[in-house]
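The values are calculated or read from the model by the stated rules, or taken from the named source; none is laboratory data. What you see is a predicted model; the values in this text were computed from it and never measured. Note that we place each Cβ from the backbone using ideal geometry, even for glycine, and neighbour counts take in every protein chain shown.
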Amino acid sequence: MGADGYRVYRYQGLFFSYFTRYDSYPNSLGVKLAREIPPETTQFEAYVASKKAELQQLLDSESSKDTEGSEGSESGAFTIYDGVGEFAGYIFRLEISETPPTDGLYNYEIDMDNYIFYFEGNPMFDLRNMLYGDEFLSNICKDPSELPEKHRYKIPLPPPVDSSILDAYKNFGAHCAETHTVLGVRSQMGRIENTRMKIMELSQCNIIRLRFRSDYSPVSQHL
């Protein structure tokens, strides 16, 4: 019951973070948050529009308040204290900031900008193809690469580059050069440099061998 955490909504590059003091386990808060996202396309679009409108209203409301009396920070975050949240029985504190929270034991994020569900700061599910209940729990702690492709998050396409920027880059005449050319050194190490490198490698191998004797064979076998 004592596990704290956050449910976070990202909207227009800002993070709306609801801090919950207890019962934030995946089989509790995580399952409830996933259940908030409708599986059917029409209902999902209505949910997204409604949630974005809700977050925009919060943003407009806070932006219009007098800065005196609001809790701010150097990053521009401000905090609202409220009572019972939209999840029955959950008492939350809401903070709007430019960065997501990292101090909760369990952190969940619904990214309304890119339609991605995050867990512990890691992109996991595609909001348009969410998993629910037992399937959600059996996949929430997996590496994203192990998730079914249908449900795995999709990387958003980068914004198109303006043609004028491309033309300016081409006209700049930039070209690549080898590292040794830029530094003004030889492309191959000389005998002295090579000897120094071998001594450094030997020193590192000895440090590793002394710390993990049972896991490493004699250093001479590696040279």
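For every residue, the table says whether it meets (1) in contact with a strand residue (DSSP E or B) (Cβ under 8 Å, 6 or more places away or on another chain); (2) closer than 30 Å to Glu135 by Cα.
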{"position": "Lys154", "(1), (2)": "yes, yes"}
{"position": "Leu157", "(1), (2)": "no, yes"}
{"position": "Asp167", "(1), (2)": "no, no"}
{"position": "Asn171", "(1), (2)": "no, no"}
{"position": "Glu178", "(1), (2)": "no, no"}
{"position": "Val182", "(1), (2)": "no, no"}
{"position": "Gly190", "(1), (2)": "no, no"}
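When the residues of region 122-138 are filtered to those that are over 19 Å from Phe44 (Cβ atoms) and either surrounded by 11 or more Cβ atoms within 10 Å (Cβ to Cβ) or touching a Gly at 6+ places or on another chain (Cβ under 7 Å) (or both), which remaining residue is modelled with the highest pLDDT?
Leu137
Being touching a helix residue (DSSP H, G or I) at 6+ places or on another chain (Cβ under 7 Å) and assigned to a helix (DSSP H, G or I) is the filter; apply it to region 31-62 and report the residue that is farthest from Pro101 (Cα to Cα).
Phe44
State yes or no: is Tyr11 over 20 Å from Asn122 (Cβ atoms), modelled with pLDDT of 90 or more and out of contact with any strand residue (DSSP E or B) (no Cβ under 7 Å at 6 or more places or on another chain)?
Judged against the criteria, Tyr11 is not a match.
Counting only residues that are surrounded by 14 or more Cβ atoms within 10 Å (Cβ to Cβ) and more than 21 Å from the chain's Cα centre (by Cα), which one in region 36-62 is farthest from Tyr118 (Cα to Cα)?
Ranking the candidates gives Glu62 first.
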